[in-house]
């Protein structure tokens, strides 16, 4: 029985590697904007290339360039690190998958995770802000922004750190919304976990219970990589949906999420996009 389980695991690992290889091969035929010598999407935006789309970047410290999807809305210059919108992509993935990244980057609205190694290279080359756009199934929208967002390297289990919050969705990442909650719900200083690599502060395995890789404490007040429930409200053994507690609570799974990164000192120029300037300030 043990031998059969080992064979099953080996086969699953091989299939995942083949899937990753096929994805990389398919991308060779995809159109991509070429901007040489840039380390993030803000440099591409400032160079005069304004359309959202696929670009190659090479952050400081990265041994090689890699593809990213640049989002030129909300003032421009954003790197998309995560997107959920239809449940087509499985986010209950292995440590290796989250390390390398997965999903459909080629489609403009494809679900994806950029990869923890890439997040580390991007966020450690300077002071980066994280913007999270959220939408529920009634078309209500909220956002959260965090200054000084950083992801450590694999040796430190991609430990998360972030600074001050602004926004309309509530500060779910810090867990400061209620006395006593931050001890077990804050994601500050928390290491990344997957079902096959448990680094949380829980006696069990949060990633295994909540069906996705994330910075789990014991376990979470924000979890954007959970199961996609197509109706919003859900019932399950654990709060394993796409959760932002300070907006819709633990038992509502969001319709759409986008997580994106941009240098913290990026200045929005109303000449570039006056509508984006006003929406960023007033949303």
Residue check, residue 132 part of a strand (DSSP E or B), touching a strand residue (DSSP E or B) at 6+ places or on another chain (Cβ under 9 Å) and under 20 Å from residue 266 (Cβ atoms): yes
Residue identified as over 21 Å from residue 119 (Cα atoms), modelled with pLDDT under 65 and surrounded by 11 or more Cβ atoms within 10 Å (Cβ to Cβ) among 26, 46: 26
Number of the exception - residue 100 against (1) crowded, with 22+ Cβ neighbours inside 10 Å; (2) in contact (Cβ under 8 Å) with a residue 60 or more places away in the chain; (3) touching a helix residue (DSSP H, G or I) at 6+ places or on another chain (Cβ under 9 Å); (4) within 28 Å of residue 63 (Cα to Cα): (1)
Any hit, the stretch 116-126, residues being surrounded by fewer than 22 Cβ atoms within 10 Å (Cβ to Cβ), under 24 Å from residue 160 (Cα atoms) and without any contact (Cβ under 8 Å) to a residue 24 or more places away in the chain: no
Selection count where residues are more than 22 Å from residue 194 (Cα to Cα), in contact (Cβ under 8 Å) with a residue 12 or more places away in the chain and assigned to a loop (DSSP other than H, G, I, E, B), scope the stretch 139-149: 2
Residue within the stretch 164-171 that is without any contact (Cβ under 8 Å) to a residue 40 or more places away in the chain and crowded, with 23+ Cβ neighbours inside 10 Å present: no
Residues (under 15 Å from the mean Cα position of the chain (by Cα), outside any strand (DSSP E or B) and under 23 Å from residue 96 (Cβ atoms)) located in the stretch 150-189: 152, 158, 159, 187
Residues satisfying the stated conditions in the stretch 73-97, i.e. in contact with a strand residue (DSSP E or B) (Cβ under 7 Å, 6 or more places away or on another chain) and more than 20 Å from residue 254 (Cβ to Cβ): 77, 79, 94, 95
Residue match in the stretch 76-93 (condition: more than 18 Å from residue 211 (Cα to Cα), touching a helix residue (DSSP H, G or I) at 6+ places or on another chain (Cβ under 8 Å) and outside any strand (DSSP E or B)): yes
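Rundown of residues vs (1) at pLDDT 95 or above; (2) touching a helix residue (DSSP H, G or I) at 6+ places or on another chain (Cβ under 9 Å); (3) buried (at least 17 other Cβ atoms within 10 Å of the Cβ); (4) over 30 Å from residue 45 (Cα atoms), yes/no style:
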| site | (1), (2), (3), (4) |
| --- | --- |
| 211 | yes, no, yes, yes |
| 263 | yes, yes, yes, no |
| 267 | no, no, no, no |
| 279 | no, no, no, no |
Which numbered condition residue 74 fails, given (1) buried (at least 17 other Cβ atoms within 10 Å of the Cβ); (2) at pLDDT 95 or above: (2)
Subset of the stretch 212-244 [under 16 Å from residue 159 (Cα atoms), free of Cβ contacts under 8 Å to residues at least 60 places away in the same chain and in contact with a strand residue (DSSP E or B) (Cβ under 7 Å, 6 or more places away or on another chain)]: 214, 215, 216, 220, 222, 223
Any hit, the stretch 188-200, residues being closer than 28 Å to residue 127 by Cβ, surrounded by fewer than 21 Cβ atoms within 10 Å (Cβ to Cβ), out of contact with any helix residue (DSSP H, G or I) (no Cβ under 8 Å at 6 or more places or on another chain) and touching a residue at least 40 places away in the same chain (Cβ under 8 Å): yes
Members of the stretch 36-55 that are in a helix (DSSP H, G or I) and more than 19 Å from the chain's Cα centre (by Cα): 43, 44, 45, 46
Extreme residue, nearest to residue 115 (Cα to Cα), among residues of the stretch 216-235 that are modelled with pLDDT under 95 and surrounded by fewer than 16 Cβ atoms within 10 Å (Cβ to Cβ): 218
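The values are calculated or read from the model by the stated rules, or taken from the named source; none is laboratory data. All of these numbers come straight from a predicted model, not from anything done at the bench. Ideal geometry is used to build each Cβ from the backbone, glycine not excepted, and the neighbour counts take in all protein chains shown.
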